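Each remark here refers to the structure printed beneath this line.
The values are calculated or read from the model by the stated rules, or taken from the named source; none is laboratory data. Since the model is a prediction, treat every value here as computed from it, not as a measurement. With ideal geometry, Cβ positions are generated from the backbone for all residues, glycine too; neighbour counts draw on all protein chains shown. When the accessible area is computed, the model is the full protein with side chains, heavy atoms only, and any ligands, DNA or RNA have been set aside. Shrake-Rupley method; radii C 1.70, N 1.55, O 1.52, S 1.80 Å.
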Number of protein chains: 2
Amino acid sequence: MAERAVAEPAVAADPLGTVLRPVRGGNGFEEAVERLLQVVRLGLVPVGGRLPAERDLAGRLAISRVTLREALRVLHEQGLIESRRGRQGGTFVRAAPPPGAGLPVDAAGLEDLLRFREVLEVGAAGLCARAGLTGADAALLRARLRDTGDAAIDGYRRADTLFHLALAELSGSPSLARQYAAVRARLNELLDGIPMLIRNIEHSQAQHAALTAAVLTPDAPRAEALARAHTSATASLLRGFLS
Amino acid sequence: MAERAVAEPAVAADPLGTVLRPVRGGNGFEEAVERLLQVVRLGLVPVGGRLPAERDLAGRLAISRVTLREALRVLHEQGLIESRRGRQGGTFVRAAPPPGAGLPVDAAGLEDLLRFREVLEVGAAGLCARAGLTGADAALLRARLRDTGDAAIDGYRRADTLFHLALAELSGSPSLARQYAAVRARLNELLDGIPMLIRNIEHSQAQHAALTAAVLTPDAPRAEALARAHTSATASLLRGFLS
DNA sequence: CTTCAATGGTCCGTACCCATACCTTAAGTC
DNA sequence: GACTTAAGGTATGGGTACGGACCATTGAAG
């Protein structure tokens, strides 16, 4: 139990504070900026790709176009996106946001992130395995696995993210998928500041294949164990680099 | 495709929709109403108890006092709270919100709720066991367990909720605790519409004791298995009643 | 009995956000 | 080439929420 020396502020359990926290994450358009950054950090829209049209985006985020455009203006000023008019126009992703662009992460925040991620990742694998994936869902997971194999080095993070996100979405719990997306975006932001080794990628790739197999067998305990092992690798990596 | 007949809208995995969803949960004071209802449904403030002062509440929720008071007015009109002025004044909880006061839950929503709850519950137990609880934290968990034993029948739900919430808060992941609080509030809303049997309570109580023992041993796999068994009992109960 | 402090109750000017309509640009379509 | 369409760009009036100050009420402290 020598670990956890990192973040131990004697939790003290403040249940009221757990519920009575700010209802708003920020100044309206700031939330929109955050969501758009999530889309890019998760690789849902790759660099060079096109975001949905403004009217569509505003509708999805349930904000007015004016507010959305304010958010887009911020991203444009940072050189992350570019807009073109005309029939084939739209808003295009020019570059990935720099690592550490968001709020700085302290030790407690990192511990929160890594633990919550482990729970969601293991939970998603377990739910998928226990429910059993139907033909179409199983095919989707296999396709995402294949993508991680086909991906080049600089595209691996994106393929990896999409694989795990697919698993979360196939878990049958949209709430879990939403939380995983948010957590994974924060995680990617940190990982982007750390070099990637070919050896790690190969190992990760083997784990993905084994995890997929266990989920599709289905063998829930094995899927959960594999998911836990897979996440703990990244966890130690990050705990090492950010301390 | 006959399996998983319960909630199967052919997931189809829409990653963009997972992130690009409304940034606001409601009309400002509606969110405040929801949070205050959570506090009551979780039993953080028991019936008859006093909520924090308006200025404090407004600060915690990061909304203006005007907006907060609009939320309080709604709850007052429903006879749930009552305000008294003066030095020993405050806002007091008069009654628990009626079951089914929130949005109606369809089959897909119920499945989402139950699955996510299982993941969080099992995850919290696992995290606590794997990290090992320190003296003060272990004492808190034991105290909450004792409360569930001391509780009368009509107070059992509250004690049960506080026990599980404590476990979530001791997991070392505030994010997990926040999500669990939200999920558990929704769950309690549904459970309040179902009669409670003494036999169920006794069984539940035994499971709590075993879970606490496994967490403190610590025996992570056993803690996780017990948490899963404990949640699946309520899950089948609810699946049965709401179908 | 006076004073003080903690609380709920009220008001106002400011800033943000929204809904809606209209304009501009560019690529297809006929 | 004229027209249509899908996209970004712009302008305006109204509603909502905020911050801060002030008032009213009650009980405790001195």
Query raised in the report: Of the numbered conditions (1) under 30 Å from A:Ala181 (Cβ atoms); (2) assigned to a helix (DSSP H, G or I), B:Leu145 satisfies every one except a single condition; which is it?
Result: (1)
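Listed here are the residues, each with its yes/no results for (1) in contact (Cβ under 8 Å) with a residue 12 or more places away in the chain; (2) within 16 Å of A:Gly43 (Cα to Cα); (3) of a type in the set (A, V, I, L, M); (4) buried (at least 23 other Cβ atoms within 10 Å of the Cβ).
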{"site": "A:Ala96", "(1), (2), (3), (4)": "yes, yes, yes, no"}
{"site": "A:Leu113", "(1), (2), (3), (4)": "yes, no, yes, no"}
{"site": "A:Asp154", "(1), (2), (3), (4)": "no, yes, no, no"}
{"site": "A:Asp160", "(1), (2), (3), (4)": "yes, yes, no, yes"}
Requested in this report: Of all residues in the range A:30-44, count the ones that are open to solvent by 30 Å² or more (accessible area, probe 1.4 Å) and more than 8 Å from chain B (Cβ to nearest Cβ).
Outcome: 2
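What number of residues within the range B:27-56 satisfy the criterion of being more than 24 Å from B:Ala159 (Cβ to Cβ) and either away from DNA strand D (no atom under 12 Å from the Cβ) or aromatic (Phe, Trp, Tyr) (or both)? Explain how you work it out, then say what you get.
Taking the range B:27-56 first, the residues more than 24 Å from B:Ala159 (Cβ to Cβ) are B:27-33, B:53-56.
Checking which are either away from DNA strand D (no atom under 12 Å from the Cβ) or aromatic (Phe, Trp, Tyr) (or both) leaves us with B:29, B:56.
Total meeting the criteria: 2.
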Report summary line: When the range A:45-77 is checked residue by residue, the ones that are in a helix (DSSP H, G or I), more than 11 Å from chain B (Cβ to nearest Cβ) and out of contact with any Phe, Trp or Tyr (no Cβ under 7 Å at 6 or more places or on another chain) are A:Glu54, A:Arg55, A:Arg65, A:Val66, A:Arg69, A:Leu72, A:Arg73, A:Val74, A:Leu75, A:His76, A:Glu77
Query raised in the report: Taking the condition in contact with a helix residue (DSSP H, G or I) (Cβ under 9 Å, 6 or more places away or on another chain), at the interface with another protein chain (Cβ under 8 Å from one of its Cβ atoms), of a type outside the set (Val, Ile, Thr) and open to solvent by less than 10 Å² (accessible area, probe 1.4 Å), does A:Gly132 pass?
Result: no
Requested in this report: Would you be able to tell me the number of residues in the range A:78-109 that are among the aliphatic types (A, V, I, L, M), more than 14 Å from every other protein chain (Cβ to nearest Cβ) and within 16 Å of DNA strand D (Cβ to nearest atom)?
Outcome: 2
Report task. Please determine, by comparing only the residues of the range A:212-235 that are more than 14 Å from chain B (Cβ to nearest Cβ) and under 18 Å from the mean Cα position of the chain (by Cα), which one is surrounded by the most Cβ atoms within 10 Å (Cβ to Cβ). Result -> A:His230
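So in the range A:53-70, with the set limited to residues that are open to solvent by 20 Å² or more (accessible area, probe 1.4 Å) and more than 8 Å from DNA strand C (Cβ to nearest atom), which one is farthest from B:Val33 (Cα to Cα)?
A:Ala53
Looking only at the range A:177-190, count how many residues are within 25 Å of B:Ala13 (Cα to Cα) and open to solvent by 10 Å² or more (accessible area, probe 1.4 Å).
Taking the range A:177-190 first, the residues within 25 Å of B:Ala13 (Cα to Cα) are A:177-189.
Checking which are open to solvent by 10 Å² or more (accessible area, probe 1.4 Å) leaves us with A:178-179, A:182, A:186, A:189.
Residues in the range A:177-190 being within 25 Å of B:Ala13 (Cα to Cα) and open to solvent by 10 Å² or more (accessible area, probe 1.4 Å): 5 in total.
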